[in-house]
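Only one structure is covered here, and it is reproduced in the block below.
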């Protein structure tokens, strides 16, 4: 149990579907992140939320839409995705400004776009 | 432009021997470095970290060394165990004011420890 929970663990969706990924952290952290891991690539940062405010968007296409209703929950809304968007999507949280700065990751959502 | 690089995609080691995983970085603003371990179908788990004001940090079988002048860090695992077989990611945190704790990751190194 890492304290960061992601649902669903696996998702298969068509290119015209709309789906959402959910992340919840139980660690009392003030920052949450979405990362994407494609095959043979480093983890790529997509979005950063600090105290519920989006502070970074790493040139992510608009077909990915994040939402952070509170400091414990983070969503990634997906619509009209492409097959190349198939990847492992990882949520993480950290305490920015605290003594410990490491990010804690969820188990990820394996997304397949068909 | 990849700011954190792990140039060895894979490493194979005999059980009981030392595993050395290497990582190079280019951004001199990085002030905190971390190693993560990842098993298949799981998220990365934090292993060990080091601040840029130190050159060594040890935790049990794991030791991280930082050479700031060379912009190089390494993770030593000794003795290596079969359960250490996983993908190891090096990550770095930017000291810049707007970074909000974000991490920049390397590509990962697959470590295989043979019994």
- For peptide B:104-111, the mean count of other chain Cβ atoms within 10 Å per residue Cβ is 3
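So if the hydrodynamic radius of chain B is defined as the Kirkwood radius over C-alpha pairs, what does Stokes-Einstein give as its diffusion coefficient at 20 °C and 1.002 mPa s, in µm² per second? Walk me through the intermediate numbers first.
Details: Rh = 14.2 Å.
Approximately 151 µm²/s, per Stokes-Einstein.
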- For a footprinting-style exposure proxy, rank B:76, A:29 by other Cβ within 10 Å, fewest first. B:76, A:29
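What does the convex hull of the Cα atoms of the protein assembly as shown come to per residue, in Å³, rounded to a whole number? Spell out each step's value before the answer.
Details: hull volume 28.1 nm³, N = 229.
So the per-residue Cα hull volume is 123 Å³.
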- Query: By count of other Cβ within 10 Å, fewest leading, how are A:67, A:84 ordered?
  - Reply: A:84, A:67
- Query: Can you give the extra length, in nm with one decimal, that the chain gains between residue A:41 and residue A:65 once fully stretched, where that is 0.36 nm per residue apart less the Cα-Cα distance?
  - Reply: 6.4 nm
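With viscosity set to 1.002 mPa s and temperature to 20 °C, compute the Stokes-Einstein D of segment B:36-76, Rh being the Kirkwood radius across alpha carbon pairs; µm²/s, no decimals. Present the calculation step by step, with values, prior to reporting the outcome.
On the way: Rh = 11.2 Å.
Rounded, D is 191 µm²/s.
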- Note on the structure: Once both label points are put 7 Å beyond Cα along the C-beta direction, the residue A:10-residue B:11 separation in nm becomes 3.2 nm
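Compute the normalised compactness of chain A: alpha-carbon radius of gyration over 2.2 N^0.38 Å, N being the residue count.
Details: Rg = 13.4 Å, N = 114, 2.2 N^0.38 = 13.3 Å.
Cα-based Rg divided by the globular estimate yields 1.01.
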- Query: Fewest first, what order do A:90, A:27, A:76 take by the number of other Cβ atoms within 10 Å?
  - Reply: A:27, A:76, A:90
- Message: Please compute the average number of Cβ atoms from other chains found within 10 Å of each residue's Cβ in peptide A:35-47.
- Response: 4
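Each reported figure results from applying straightforward, stated rules to the coordinates on display, with no laboratory input. A quick note: this is a predicted structure, and the numbers were derived from the prediction, not measured. Note that each Cβ is placed from the backbone with ideal geometry, even for glycine, and that neighbours are counted across all protein chains shown.
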